[in-house]
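Novice: Below is a structure I'd like to ask you about.
Bear in mind these aren't lab numbers, they're just calculated from the coordinates by the rules spelled out. Since we're looking at a predicted model, the values are computed, not measured. Note: ideal-geometry Cβ built from the backbone for every residue, glycine included; neighbour counts use all protein chains shown.
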Amino acid sequence: MPKDTGIGASSKRREDIRFLTGKGLYTDDLALHAQAHAVMVRSNVAHGKIVSIDTAATEAMPGVLAVFTGEDFVAVGGNPAGWLIKSRDGTPMREPKRPVLAHGKVRHVGDAYAAVVAETYQQARDAAQQLADDTVIEELPAVVDMKAAVANADNRVHDEIPDNVCFDWGWIEDNRAAVDAAMKAAPHVVTLELTNNRLVPNAMEPRASIGEYNTGTGDYKLTTTSQNPHLTRLLVAAFVMGIPENKLTVVAPDVGGGFGSKIYHYGEEALVLAAAKKLGRPVRWTAERTESFLSDAHGRDHVTKIELGCTKDGEILAIRTETHANVGAYLSNFSTATPTFLHGTLMSGPYKVPHVYVNVKAVFTNTAPVDAYRGAGRPEATYSLERVIDMMCRELNLDPFEVRRKNLLTPDQFPYQSPVGLMYDTGNYQATLDKACDLGDVAGFEARRAESAKKGKLRGMGLSTWIEACGIAPSHLVGILGSRVGLYDAATVRVNATGNISVMVGAHSHGQGHETVFPQIVADKLGIPESSVEIVHGDTSKIPFGMGSYGSRSLAVCGSAMDRAMDKIIAKGKKIAAHMLEAAEGDITFADGKFSVAGTDKAKTFGEIAFSAYVPHNYPLETLEPGLEETAFYDPANFTYPAGAYICEVEVDPDTGKVDICSFTAADDFGNVMNPMIVEGQVHGGVGQGIGQALLENTSYDETGQLLTGSFMDYAMPRADDVPFYTVDHSCSTPCTHNPLGVKGCGEAGAIGSPPAVVNAVIDALHRGGITHVKHIDMPVSPGRVWQAING
Amino acid sequence: MTKVTMTVNGKSVSAETEGRTLLSSYLREGLGLTGTHIGCDTSQCGACVVHLNGRAVKSCTVFAQDVAGAEVRTIEGMANADGSLGVVQQAFQDHHGLQCGFCTPGMVMASAALLAENPKPTEAEVRHGLEGNICRCTGYHNIVKAVLAASGQDVAAVAAE
């Protein structure tokens, strides 16, 4: 019987009411008295020297209040990279300054080099056009292709970096020789070169920011589309603007999706704050979708050669990869961690592979910065691995299901120290594979294939078994790996006098449903109704601290902090109960919302304890403080390791190359599940994005660095008729062993496991249809590419 | 500037406009009805769908001055008279047809218009009918399910709930 409340219940989302009635308040919905409007002036060339910017005509235009150029921000700090990666030779990565506004040079189409602030948006927009007309930029040759960027020392994105290489990283460098030897000795070696296509995250709400400055107090306020307002405060205050953190409040109100792209601090946030201070008025900026395409951090963009050494019967002996990872023109905040520690550490997947070595060259190009996008590094690792395993099966005529079974770690092998640095705590990969085979009716495939064949369609089935490292992240570990921050989280549980509860959480909800799920957990533990609990998030002035939501971390890290804070509440409640019931504290037990004296019928309800805490008429004040509010910071002991098995069935039209997804089955192990409805929704969304990457989405720059796919007219977002109903399951649960809720995280899974399942299915369809010369098709597997592969 | 009057959610309203003011801006900035969202600049995403004289339109494709005197319904006008959620809204909540909520107003308006024209659509008709609305969160599964449920069809057989 499904639960109807608390942990494990599919509680309906309370936040839906405001979203469904048009009462959500996103940044651009907030109109402020005396607000002014900023419009950014962006480069229309990929690489150029800023020769001159003549602001005179612009400043004279109607309504114009201020014009900013890169010159205005020369003295302030740069937007830093959050992780320091070292190259194989021990040298630190090259880390060029990322200014608020480009100065001296523009480095990608869309690079903002100026901003205009005016009374109205339209005036600012007209003026921005004038300023663009009055700017002289001498175009320089663009660096677009990564391998050419590395080879050509004269053509530089940053003048001080001769080969455009940010770092050349080896993981684990000490294992390199052993891996090379194992590969040489392997009876069979499969080699695959592939591209993990660049994606534009395209959260449906474009980025927006509002800066406010109080001339009386010197306080700043930034309202912005952020997944992590505290991190933005830290970056803006300490690194870029030099504002004390206690003089800057960052608010992320309702945020319309993030998928990684709103983790990072962007220059527009600093710009609106500086403009607000200069003008003494609120200054707002909202991106148009075209600006999102040009200036949001993109995702993926790896070019990889993967080699797999194996026995003739499919036992994996060694894996070696060489990847060029595009970081774009500047280092976005997580951009150096994504292709390294979120990618290389996953390269043994859910398999027992003795020898693994990963090499990543991060390359600067004259394109938009690239950073973490849903999955972040782990989809790239999974795609490389699952594609090369599929290719191995084809070359050796082995069954892909049996090969997975042969190589998957078994439950008795946990905890498992992987050869690429992670300690998997628990899992049951056979169980999810069996479940996926069952739900996906693998046994019935041949009959479906025969039906497709009657219609002239080629049907194929693709499998992917995957793992990820989530719950980002143990500070002690990421510190060793180069992170410049800790990745704990925090929560304050405030029990009000009448027994209802406000929980201030560092996690930020921008679609995940925290406002519903977190109260389920509180209600369950404290024995009170869900409706008595309210979550406060997204405001640095109300919340102790937090590192935000990304990396499937909200529940695993912030939820754990909340659980720890509740432990403290219960402990304090026991003290109060002991006092009220005149019993020893050690004799008080707490269950079902009651504090009881063990072995007696003496008890106080949670509400009575709360009221007493705020009306402490006879408290022993030396030993018992009034109030009932506790804060906990939680730093995870390890990553969490969600895993699963995905099966995709496709039909390929051999005449047109069009691929239709017939079915998609996802069997996941997320550990304990707090709200099944929401977890399933997360998987649906992730799979939808994964199908988008596999079949539709491509970010294309031409050789001059112009973005050819800069709008929804040119960039194929998945739409309702591109995808099927998905079959998802999370019943094969092995709870996380090291966090109090036993949760692993579910936000990224769908986007990680699905692309290889789709592409494997397409290749399978072609081979079963007799088109055996096609070994690989790069994503997106569009009709044109499939047709060319068939007929090429 | 020209004052434009129309009927929005049953009330006569007016606001100053420029010739280039879009209906979407008129609603959001002129009237403060910020439930209608702007998700793109090419009339592709559908976050701004409203009902204009009973038909679903992308309000970013319409100049406010061209529709003076029109009857417009927005997401703010979709709840029942007692404030409870309308049928389509309720189905979206019941079936988790929204996550971040940004595309939701347009989805609800497009779905309601779809159902008005085709009260018992098939899954394929729903998917085709909503292809002008982009959602990045849900993978569309629960949106399609919600629309089918709002039409009174049994969705219990649909996977995963």
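Here is a yes/no grid of residues against (1) touching a Phe, Trp or Tyr at 6+ places or on another chain (Cβ under 9 Å); (2) closer than 25 Å to B:Tyr140 by Cβ:
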{"site": "A:Lys594", "(1), (2)": "yes, no"}
{"site": "A:Gly607", "(1), (2)": "no, no"}
{"site": "A:Pro620", "(1), (2)": "no, no"}
{"site": "A:Cys648", "(1), (2)": "yes, yes"}
{"site": "A:Ala666", "(1), (2)": "yes, yes"}
{"site": "A:Pro676", "(1), (2)": "no, yes"}
{"site": "A:Gly686", "(1), (2)": "no, yes"}
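Novice: Just to be sure before I move on: is B:Val155 within 21 Å of A:Val728 (Cα to Cα) and more than 7 Å from chain A (Cβ to nearest Cβ) in the structure I sent?
Specialist: yes
Novice: Given the options A:Lys3, A:Lys86, name the one that is more than 30 Å from A:Trp169 (Cα to Cα) and either within 14 Å of another protein chain (Cβ to nearest Cβ) or not β-branched (Val, Ile, Thr) (or both).
Specialist: Just one listed residue meets the conditions, A:Lys3.
Novice: Right, next: Kindly indicate which of A:Ile771, A:Ile777 is over 20 Å from A:Pro379 (Cα atoms), more than 21 Å from the chain's Cα centre (by Cα) and assigned to a loop (DSSP other than H, G, I, E, B).
Specialist: Result: A:Ile771 is the single residue among A:Ile771, A:Ile777 that is over 20 Å from A:Pro379 (Cα atoms), more than 21 Å from the chain's Cα centre (by Cα) and assigned to a loop (DSSP other than H, G, I, E, B).
Novice: Do we have any residue at all in the stretch A:397-412 that's over 30 Å from A:Ser700 (Cβ atoms), among the acidic types (Asp, Glu) and in a helix (DSSP H, G or I)?
Specialist: The answer is yes, given that some residue of the stretch A:397-412 is over 30 Å from A:Ser700 (Cβ atoms), among the acidic types (Asp, Glu) and in a helix (DSSP H, G or I).
Novice: Collect the residues in the stretch A:79-113 that are small (Gly, Ala, Ser), on the phi < 0 side of the Ramachandran plot and assigned to a loop (DSSP other than H, G, I, E, B), keeping them in residue-number order. Spell out how you get there, then give the answer.
Specialist: Pass one, the stretch A:79-113, residues small (Gly, Ala, Ser): A:81-82, A:87, A:90, A:102, A:104, A:110, A:112.
In the following step, the residues that additionally are on the phi < 0 side of the Ramachandran plot were identified as A:81-82, A:87, A:102, A:112.
If the condition is that a residue be small (Gly, Ala, Ser), on the phi < 0 side of the Ramachandran plot and assigned to a loop (DSSP other than H, G, I, E, B), then A:Ala81, A:Gly82, A:Ser87, A:Ala102 are the ones that fit.
Novice: Counting only residues that are within 30 Å of A:Val679 (Cβ to Cβ) and among the polar types (S, T, N, Q), how many does the stretch A:746-790 have?
Specialist: Of the residues in that region, 2 qualify.
Novice: Being within 25 Å of the chain's Cα centre (by Cα) and either among the basic types (Lys, Arg) or more than 25 Å from A:Gly593 (Cβ to Cβ) (or both) is the filter here, so list the residues in the stretch A:3-14 that pass it.
Specialist: The answer is A:Lys12, A:Arg13, A:Arg14.
Novice: Filter the strands (runs of 3 or more DSSP E) completely within the stretch B:35-99 down to those with at least 2 residues that are within 24 Å of B:Tyr140 (Cβ to Cβ).
Specialist: Those strands (runs of 3 or more DSSP E) span B:49-52, B:55-58.
Quick grid of which residues meet (1) buried (at least 19 other Cβ atoms within 10 Å of the Cβ); (2) more than 13 Å from the chain's Cα centre (by Cα); (3) at the interface with chain A (Cβ under 7 Å from one of its Cβ atoms):
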{"residue": "B:Gly83", "(1), (2), (3)": "no, yes, no"}
{"residue": "B:Pro121", "(1), (2), (3)": "yes, yes, no"}
{"residue": "B:Arg127", "(1), (2), (3)": "yes, yes, yes"}
{"residue": "B:Leu130", "(1), (2), (3)": "yes, no, yes"}
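Novice: Go through (1) touching a Leu at 6+ places or on another chain (Cβ under 9 Å); (2) more than 13 Å from every other protein chain (Cβ to nearest Cβ); (3) assigned to a loop (DSSP other than H, G, I, E, B) for A:Val76 and report which single condition fails.
Specialist: With respect to (1) touching a Leu at 6+ places or on another chain (Cβ under 9 Å); (2) more than 13 Å from every other protein chain (Cβ to nearest Cβ); (3) assigned to a loop (DSSP other than H, G, I, E, B), A:Val76 is out only on (1).
Novice: Inspect all residues belonging to the stretch A:377-388 and state whether any of them is over 22 Å from A:Gly747 (Cβ atoms) and either out of contact with any Phe, Trp or Tyr (no Cβ under 8 Å at 6 or more places or on another chain) or buried (at least 24 other Cβ atoms within 10 Å of the Cβ) (or both).
Specialist: The answer is yes; a qualifying residue exists.
Novice: What single numbered condition from (1) under 20 Å from A:Met204 (Cα atoms); (2) surrounded by fewer than 24 Cβ atoms within 10 Å (Cβ to Cβ); (3) more than 9 Å from chain A (Cβ to nearest Cβ) fails to hold for B:Arg28?
Specialist: For B:Arg28, the exception is condition (3).
Novice: With respect to the numbered conditions (1) among the acidic types (Asp, Glu); (2) surrounded by fewer than 17 Cβ atoms within 10 Å (Cβ to Cβ); (3) closer than 25 Å to B:Leu98 by Cα, which one is the sole condition not fulfilled by A:Glu15?
Specialist: (2)
Novice: Okay, moving on. If A:Val303 passes every condition in (1) of a type outside the set (Ser, Thr, Tyr); (2) within 22 Å of the chain's Cα centre (by Cα); (3) surrounded by fewer than 24 Cβ atoms within 10 Å (Cβ to Cβ); (4) not in a strand (DSSP E or B) but one, which one does it miss?
Specialist: Result: A:Val303 passes all but (4).
Novice: Return yes or no: is B:Val49 surrounded by fewer than 18 Cβ atoms within 10 Å (Cβ to Cβ), of a type in the set (A, V, I, L, M, F, W, C), more than 9 Å from every other protein chain (Cβ to nearest Cβ) and in contact with a helix residue (DSSP H, G or I) (Cβ under 6 Å, 6 or more places away or on another chain)?
Specialist: Spelling it out, it is not the case that B:Val49 is surrounded by fewer than 18 Cβ atoms within 10 Å (Cβ to Cβ), of a type in the set (A, V, I, L, M, F, W, C), more than 9 Å from every other protein chain (Cβ to nearest Cβ) and in contact with a helix residue (DSSP H, G or I) (Cβ under 6 Å, 6 or more places away or on another chain).
Novice: Assuming B:Ala91 fulfils every condition listed in (1) over 14 Å from the mean Cα position of the chain (by Cα); (2) under 21 Å from B:Glu117 (Cα atoms); (3) surrounded by fewer than 18 Cβ atoms within 10 Å (Cβ to Cβ) apart from one, which condition is it?
Specialist: The one condition B:Ala91 does not meet is (3).
Novice: Collect the residues in the stretch A:716-761 that are more than 12 Å from chain B (Cβ to nearest Cβ), assigned to a loop (DSSP other than H, G, I, E, B), crowded, with 24+ Cβ neighbours inside 10 Å and not basic (Lys, Arg), keeping them in residue-number order.
Specialist: A:Cys736, A:Asn739, A:Gly745, A:Cys746, A:Glu748 - these are the residues of the stretch A:716-761 that are more than 12 Å from chain B (Cβ to nearest Cβ), assigned to a loop (DSSP other than H, G, I, E, B), crowded, with 24+ Cβ neighbours inside 10 Å and not basic (Lys, Arg).
Novice: Quick one: which of A:Asn760, A:Asn791 is more than 15 Å from A:Gly460 (Cβ to Cβ) and out of contact with any Pro (no Cβ under 7 Å at 6 or more places or on another chain)?
Specialist: Testing whether each residue is more than 15 Å from A:Gly460 (Cβ to Cβ) and out of contact with any Pro (no Cβ under 7 Å at 6 or more places or on another chain) leaves just A:Asn791.
Novice: Sort out for me the strands (runs of 3 or more DSSP E) sitting completely within the stretch A:452-569 that have 3 or more residues that are touching a Pro at 6+ places or on another chain (Cβ under 6 Å) and buried (at least 24 other Cβ atoms within 10 Å of the Cβ).
Specialist: A:458-467
Novice: Separate question: Is there a residue in the stretch A:110-127 that is away from every other protein chain (no Cβ under 14 Å) and of a type in the set (S, T, N, Q)?
Specialist: No - not one qualifying residue is present in the stretch A:110-127.
Novice: Now a separate question. Collect the residues in the stretch B:132-152 that are within 11 Å of chain A (Cβ to nearest Cβ) and aliphatic (A, V, I, L, M), keeping them in residue-number order. Don't jump to the end; show me each part of the working.
Specialist: If we filter the stretch B:132-152 for residues that are within 11 Å of chain A (Cβ to nearest Cβ), which is where we start, we get B:132-148.
Within the stretch B:132-152, B:Ile134, B:Ile143, B:Val144, B:Ala146, B:Val147, B:Leu148 meet the criteria.
Novice: Can you give me the ranges of the strands (runs of 3 or more DSSP E) entirely in the stretch A:198-298 with at least 2 residues that are closer than 21 Å to A:Ala66 by Cα, in contact (Cβ under 8 Å) with a residue 40 or more places away in the chain and more than 12 Å from every other protein chain (Cβ to nearest Cβ)?
Specialist: A:208-214, A:219-224, A:283-286
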